[in-house]
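These notes concern the structure reproduced below.
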Amino acid sequence: MLYFLAGITASGKSNLAHKIAIEKNMSILSIDSMAVYKGLDILTAKPTDVMQAQVQYYGLDIAEPDQNFSIIDYLNYLIEKEIPEKSFNEDILAVGGSGLYIKSIIDKYEFKPADPAIRSELEQLNYDQLIKFHNLNNIPLPNTELNKRRLMRNIESFMVEESKFVFPDINIPKGHVGVFWNHPEFKINIAKRTKSMISNGLINEINNIKNPSKTILQAIGLNLSQDIEENINIKTRRLAKKQITWFKKEERLKMINSSKEDVVYQSIMDIIDG
């Protein structure tokens, strides 16, 4: 079964998850949209080599820094690693704070990707040609006032229907599927972690990233001004507030407002032990 230990950034969820994984003989699935990138070990506080030798980790170092890694890429990775199938045969602890990743897994998101090539071709057609395209391909016309944009969107929707993406069934608990650790002292924790990251070589790590993707450029610690420590703290606090807002709406995760690790530990263990 797949369980979720989500949490505000710098809450301590990763170390707690590792302890639980060893205790319960579980593997860990990272649900962090930045930890997928190679070369961001310090910035994303990835588990150490020793930790990865102790526990099977998924979701780490699966994309190059110049790659714009999307949610569909992540879900396809889970399918490639047979995470949905494994959830019916073994216990996996999903750990991180990327709300969209978690929601996509829990709710089995359906995506209908737009095809730029299709749009480029359709933009060359005028209104009458788009109507003729509908007729030739037996595409029903939309029941609204027709214009070129509506006709194009209608064709696109019809043509990409076959390529829609639906995440497979996954074995998760009924009721609460896990917890979200809302650490009340997150601002203090963020400041401490930032100092630690900088002292451990964060600046060199950032400088070693060549041709970073747009996704990475949005990450904390990249493209910052000279006062890097304060900038990281500000951006990380903003991220934390966004996480709290997102997960307050996620009723499948039990929100734990506590600074005590043992409280969070007991809450997730209650779900795991059923």
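The values are calculated or read from the model by the stated rules, or taken from the named source; none is laboratory data. Worth saying up front: this structure is predicted, and the values here are computed from it rather than measured. FYI the Cβ positions are ideal-geometry reconstructions off the backbone, even for glycines, and counts take in every protein chain you see. Protein only, heavy atoms only, side chains kept; ligands, DNA and RNA dropped before computing areas. Shrake-Rupley method; radii C 1.70, N 1.55, O 1.52, S 1.80 Å.
Structure above, values below:
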item: Single unsatisfied condition, Asn68 versus (1) touching a residue at least 24 places away in the same chain (Cβ under 8 Å); (2) at negative phi; (3) under 15 Å from the mean Cα position of the chain (by Cα); (4) surrounded by 13 or more Cβ atoms within 10 Å (Cβ to Cβ); result: (4)
item: Selection status of Lys81, open to solvent by less than 30 Å² (accessible area, probe 1.4 Å) and of a type in the set (D, E, K, R); result: no
item: Pair list, Cβ < 9 Å and 6+ apart or interchain, from the range 253-267 residues that are part of a helix (DSSP H, G or I) to residues that are open to solvent by 50 Å² or more (accessible area, probe 1.4 Å) and at pLDDT 95 or above; result: Glu261/Asn15; Glu261/Lys19; Tyr265/Lys19; Ser267/His176; Ser267/Lys254
item: Residue within the range 204-225 that is open to solvent by 60 Å² or more (accessible area, probe 1.4 Å), part of a helix (DSSP H, G or I), among the small types (Gly, Ala, Ser) and over 27 Å from Met26 (Cβ atoms) present; result: no
item: Residue within the range 104-115 that is of a type in the set (Ser, Thr, Tyr) and within 31 Å of the chain's Cα centre (by Cα) present; result: yes
item: Within the range 34-63, tally of residues that are within 18 Å of the chain's Cα centre (by Cα), more than 18 Å from Glu205 (Cα to Cα) and open to solvent by 20 Å² or more (accessible area, probe 1.4 Å); result: 2
item: Residue match in the range 137-146 (condition: touching a residue at least 12 places away in the same chain (Cβ under 8 Å) and not in a loop (DSSP other than H, G, I, E, B)); result: no
item: Among (1) assigned to a helix (DSSP H, G or I); (2) of a type in the set (A, V, I, L, M, F, W, C); (3) open to solvent by less than 20 Å² (accessible area, probe 1.4 Å) - the single one Val179 does not satisfy; result: (1)
item: Members of the range 91-149 found to be modelled with pLDDT under 90, on the phi > 0 side of the Ramachandran plot and surrounded by 13 or more Cβ atoms within 10 Å (Cβ to Cβ), listed by number; result: Lys108
item: Meets criteria (open to solvent by 20 Å² or more (accessible area, probe 1.4 Å) and in contact (Cβ under 8 Å) with a residue 12 or more places away in the chain) for Ser27; result: no
